[in-house]
Amino acid sequence: MALYSAAAAVLDGLERGQGGLKSLVYNSGFPHVRQLYALVSETLRYAPVLEKLLDGAALLQAEKKLPPQLAKVLVYDLLFGKGLKCGGRWKALARRHRARLEAELARLKVRHKVSRNEDLLAPEQASPAASQVPRYVRVNTLKTCVDDVIDFFKRQGYSYLGKAASLEELRALSGKKFLLDPHLPELLVFPPQTDLHDNLLYTSGHIILQDKASCLPAFLLSPTAGSHVIDACAAPGNKTSHLAAILRNKGQIFAFDVDPKRVATMNTLLARAGVTGCQLAQQDFLAVDPGDPKYSRVTHILLDPSCSGSGMVTRGPGEEVAPSAERLQALAGFQRRVLGHALSFPALRRLVYSTCSLHREENEDVVQAVLQERGSAFRLVTAFPSWPCRGLAAFPGAESCLRASPAETLTQGFFVAVLERCEEGADAPSSLPVAAEEKPQPREETEPGAAPRKRKRKKQRVKE
């Protein structure tokens, strides 16, 4: 299904009450779910403005076969988005009316006495946080290396400014400039509105469009090559592909998700990323038997369970921003159960628990409750000591956890806790910081926090 048709179908489903934004996007069958999610979210955010433009330009009267939801998507991308980079006959149709639509937009700005498109939005619709978060690009080291990707973008006319020394440098990015992230060695940073969904590096799986905060769980889990790893709630698969890159496709990943359509989408993503050695199962992780011999060598688990999603800065108007106390209680109960279940795998040595939630109930409170249940079996690790945003002071040692936010870290809102099994005679919880500030267990021939060395040319080379 084409992007614009898929977006119109999601909008239609929302209007009919067939589900929430996230579920409709994931169930759409469209292969690039993040691209679809972003387009639908922004179309919803501009919906009142789009309706005025459609009425003023009389577009639906002139094009009687054009469905209203599709018209909104097309006009959004034409006037406020990327300028209709795809769309076939629908693109040609919308462009025929471009002059009339642009004139109507100009009149609307004059009436509201504003000069910027975003100033047409009501205060509750404006999203300054989303406009501040850069476009993060993770280099997929299963297919290429950082140096080659930098060279590719330079040949496309981008200016590489080197490794960033501060978040202020990331804030100042504009135009066709990009940086190497100051914390994660395989992460490139572009200005916020950079769209790379049609770029050859993305469509071929050489780069992954993934928020920086979402890269933290696999980065901090840091399994060594050859390890057996579980990704407990895996879809859509970006973290799974990150784990595979860290493992260099050596070892075994067991990935679980209960939703069949999400699993199908994930299968496509992993294939494009060149992931091997991953057993993907449509299964509830809570139903997985820790005593099964298949999992007897699992030493690392990445657990990113369902949550309120309150940290997502691209949330759409149809989504629940402030979940009820009952909803939070139900989510936290599930999160405690799934974390306790993950800690019951007999060979487990290290676990990362993460959410894209801002709520203490889903984060520090869950970790505290499960650690109390487990007694002295596991402890929190003070991972990434240089990270500026720490856990809330909910219990002694909670500062070992990490938090992320648009204001403090220029990322989506996120929470990460790293747990390790206590060995006999080990020190008190949270007293064992990760050895390398930038990387828990550096891989071979890579200095902590440094870009990976350039690989031999046996890696696939993408030609323009």
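The values are calculated or read from the model by the stated rules, or taken from the named source; none is laboratory data. If you're wondering where the values come from, they're calculated on a predicted model, not measured in any experiment. FYI the Cβ positions are ideal-geometry reconstructions off the backbone, even for glycines, and counts take in every protein chain you see. Please note that ligands, DNA and RNA were not included when accessible areas were found on the heavy atoms of the full protein model with its side chains. Shrake-Rupley method; radii C 1.70, N 1.55, O 1.52, S 1.80 Å.
Assorted remarks:
- Flag if I253 is of a type in the set (V, I, T) and outside any helix (DSSP H, G or I): yes
- Check on Q156, surrounded by fewer than 19 Cβ atoms within 10 Å (Cβ to Cβ), at pLDDT below 95 and not assigned by the TED database to the domain that holds L247: no
- Against the list (1) aromatic (F, W, Y); (2) open to solvent by 20 Å² or more (accessible area, probe 1.4 Å); (3) under 30 Å from T141 (Cα atoms), the condition F256 fails is (2).
- Qualifying residue in the range 199-211 (condition: acidic (D, E) and in contact with a strand residue (DSSP E or B) (Cβ under 7 Å, 6 or more places away or on another chain)): yes
- Those residues of the range 31-89 which are modelled with pLDDT under 85 and not in a helix (DSSP H, G or I), in sequence order: P31, H32, G81, K82, G83, L84, K85, C86, G87, G88
- Qualifying residue in the range 422-444 (condition: touching a strand residue (DSSP E or B) at 6+ places or on another chain (Cβ under 9 Å), at pLDDT below 50, open to solvent by less than 40 Å² (accessible area, probe 1.4 Å) and not polar (S, T, N, Q)): yes
- The set of residues in the range 400-421 being modelled with pLDDT of 95 or more and open to solvent by 40 Å² or more (accessible area, probe 1.4 Å) consists of R421 alone.
- Looking across the range 139-149, the residues that are crowded, with 19+ Cβ neighbours inside 10 Å and over 18 Å from A271 (Cα atoms) come down to C145, V146, D148, V149.
- Of the set (1) out of contact with any His (no Cβ under 6 Å at 6 or more places or on another chain); (2) assigned to a helix (DSSP H, G or I); (3) buried (at least 19 other Cβ atoms within 10 Å of the Cβ), all apply to S28 but (2).
- Hey, D198 open to solvent by 10 Å² or more (accessible area, probe 1.4 Å), touching a Cys at 6+ places or on another chain (Cβ under 7 Å) and touching a residue at least 24 places away in the same chain (Cβ under 8 Å) or not: no
- Checking each residue in the range 197-223 for being over 16 Å from F152 (Cα atoms), among the small types (G, A, S) and outside any helix (DSSP H, G or I) picks out only S222.
- Tally, over the range 273-308, of residues that are touching a residue at least 40 places away in the same chain (Cβ under 8 Å), of a type in the set (G, A, S) and open to solvent by 50 Å² or more (accessible area, probe 1.4 Å): 3
Rundown of residues vs (1) out of contact with any Leu (no Cβ under 6 Å at 6 or more places or on another chain); (2) open to solvent by less than 30 Å² (accessible area, probe 1.4 Å); (3) under 30 Å from N199 (Cα atoms), yes/no style:
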{"site": "L74", "(1), (2), (3)": "yes, yes, yes"}
{"site": "D77", "(1), (2), (3)": "no, yes, yes"}
{"site": "A94", "(1), (2), (3)": "no, yes, yes"}
{"site": "R98", "(1), (2), (3)": "yes, no, yes"}
{"site": "E104", "(1), (2), (3)": "no, yes, no"}
{"site": "L120", "(1), (2), (3)": "yes, yes, no"}
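- Residues in the range 365-376 that are at pLDDT below 95 and in contact with a helix residue (DSSP H, G or I) (Cβ under 9 Å, 6 or more places away or on another chain) were compared, and the one that is farthest from F345 (Cα to Cα) is E373.
- Filter result (surrounded by fewer than 24 Cβ atoms within 10 Å (Cβ to Cβ) and either of a type in the set (K, R) or free of Cβ contacts under 8 Å to residues at least 40 places away in the same chain (or both)) within the range 239-249: R248
- Among the residues of the range 357-383, those identified as surrounded by 23 or more Cβ atoms within 10 Å (Cβ to Cβ), of a type in the set (A, V, I, L, M, F, W, C) and either more than 12 Å from V418 (Cα to Cα) or in contact (Cβ under 8 Å) with a residue 60 or more places away in the chain (or both) are V366, A383.
- Being open to solvent by 10 Å² or more (accessible area, probe 1.4 Å), without any contact (Cβ under 8 Å) to a residue 40 or more places away in the chain and under 27 Å from V313 (Cβ atoms) is a property that holds for G175.
- Conditions (1) modelled with pLDDT of 95 or more; (2) surrounded by 14 or more Cβ atoms within 10 Å (Cβ to Cβ); (3) more than 20 Å from Q372 (Cβ to Cβ); number of the one not met by P346: (2)
- Qualifying residue in the range 326-334 (condition: over 30 Å from E15 (Cα atoms), at pLDDT 95 or above and buried (at least 19 other Cβ atoms within 10 Å of the Cβ)): no
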